Amino acid sequence: MQYRHRRRNKRSVVMVVSGLLAFGSVLGHIKNEATQFPDIEFSAARFDIVVLVGAGIIPQTPVFEPDKTLSNAELASWAALAEGLGRGGENPDSAALAAAALEKGMLGSLEGDASYADLNRLFFAGQLSVADGQQAPTKAEAASYIATSLSGAAGQALLEKRNLTVGGGGVVTAVTIEEGHHGNAYVMTVGDQKLQMDEHGRVANGPIDLLQWEGRNVRRSFVRGSGDDAKWIYLEAEPRERAPVIEASPETGAPLSNAPSDDFASDAAAKSPTDRSMLYWLVLVVAILGVLLFFRRRQGD
């Protein structure tokens with residue numbers, strides 16, 4: 001009887017730990033502007049940078065260096081990814097990607113700085129109008145130039161190369177975690193679109209724990225694949241402002257408001273997921289320690 005009781009306890013603990021591990025694995029690959037690169041948190045282009053990582057155009061390097069002038073070598077690695085000339089993923093071989101673009105004749109040299117004219121030619125077949133084509137953009141400016149053009153006519157061909165389409169927007173009415181072919185995954189209903197989130201999906205202006213997205217309003221999204229294979233690859237939420245706190249001025253007694261700006265709300269939304277996910281992992285560690293203590297005590301008996 002005591003043996004059966006031990007087995008039931010063991011199964012219960014294993015189920016709890018397995019559930020926590022599964023939830024942690026769902027969170028593990030979703031990233032936002034606070035977790036994608038450590039140096040873009042205060043960049044005005046942070047959302048556009050995350051878009052292009054999700055689209056498979058910007059390599060997932062350890063840092064992004066948003067204020068650095070975009071070099072021809074870096075542009076070559078971006079263009080090679082966009083054309084599918086090499087592998088992406090985390091910490092890809094950027095030098096090999098650049099070499100592949102050079103070999104295909106996409107650029108004449110990897111030396112020197114890139115220009116807006118180069119961006120227009122490589123990503124949009126020269127279809128965009130450029131005021132000063134020879135100007136060298138920073139990496140952040142280059143990311144915004146590409147990302148803001150994706151939803152226009154010139155961006156359609158680029159999206160097709162990446163097997164992407166512009167998704168819908170609206171209120172997130174439901175978020176669940178469901179078992180899929182490759183493990184657990186988020187399933188989100190945005191407006192009238194219900195799709196699974198890609199396991200390597202990217203989000204902006206919101207937490208990486210997508211269960212917290214219910215009720216948020218999505219203003220920009222992209223979908224990879226079509227039909228039954230379609231998945232969210234990028235979701236960007238409207239900023240959420242906190243309710244203003246009314247205080248009285250010590251000099252005049254008049255009411256004062258400390259309501260945050262959209263930028264403040266955006267930064268707060270970006271930082272919150274890290275704290276929330278840390279809590280989940282803390283719970284997991286406590287659970288595992290509880291299992292170890294339980295079996296050590298039983299062995300002592």
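The values are calculated or read from the model by the stated rules, or taken from the named source; none is laboratory data. In this text the structure is predicted, and so the values were computed from the model without any measurement. A quick note on method: Cβ atoms are made from the backbone with ideal geometry, for glycine too, and the neighbour counts reach across all protein chains shown. The protein model used for the area step is the full one, side chains on, heavy atoms only, and it has no ligands, DNA or RNA in it. Shrake-Rupley method; radii C 1.70, N 1.55, O 1.52, S 1.80 Å.
Observations, loosely collected:
- Once the Cβ-Cβ distance of residue 177 and residue 240 is raised to the sixth power relative to R0 = 22 Å, the FRET efficiency obtained is 0.50.
- Residue pairs, from the table 68/104; 104/161; 31/231, whose Cα atoms sit over 22 Å apart: 68/104
- Per-pair calculated FRET efficiency, R0 = 45 Å: residue 184 and residue 153 via Cβ, rounded to 0.05: 0.75
- Simple spin-label estimate for residue 132 and residue 29 in nanometres, 7 Å along Cα-Cβ: 4.2
- Global geometry of the stretch 28-140, whether rounded, prolate or oblate, following the gyration tensor of its Cα atoms and the 1.5 cut on a/c: oblate
- Solvent-accessible surface of the stretch 98-245, averaged per residue with a 1.4 angstrom probe and all protein chains in place: 48 square angstrom.
- Cα gyration tensor shape for the stretch 133-248, rounded if a/c is under 1.5, else prolate or oblate: oblate
- The stretch 87-210 - percent of accessible surface contributed by carbon and sulfur, probe 1.4 Å: 47
- Across the stretch 61-206, Cα pairs under 8 Å and at least six residues apart give a relative contact order of 18 percent.
- Label-point gap, in nm, between residue 95 and residue 212 - each point 7 angstrom along Cα→Cβ: 4.0
- Full extension of the chain segment joining residue 117 with residue 39 gains 25.4 nm, where the gain is 0.36 nm per residue of separation less the Cα-Cα distance.
- With contacts taken as Cα pairs under 8 Å at a separation of at least 6 residues, the stretch 122-195 carries a relative contact order of 21 percent.
- ³J(HN,Hα), Karplus 6.51/-1.76/1.60, whole Hz, each residue of the stretch 133-138, x for Gly, Pro: x, 8, 5, 8, x, 6
- Extension reserve of the residue 194-residue 228 stretch, reckoned as 0.36 nm per residue once the Cα distance is removed: 11.2 nm
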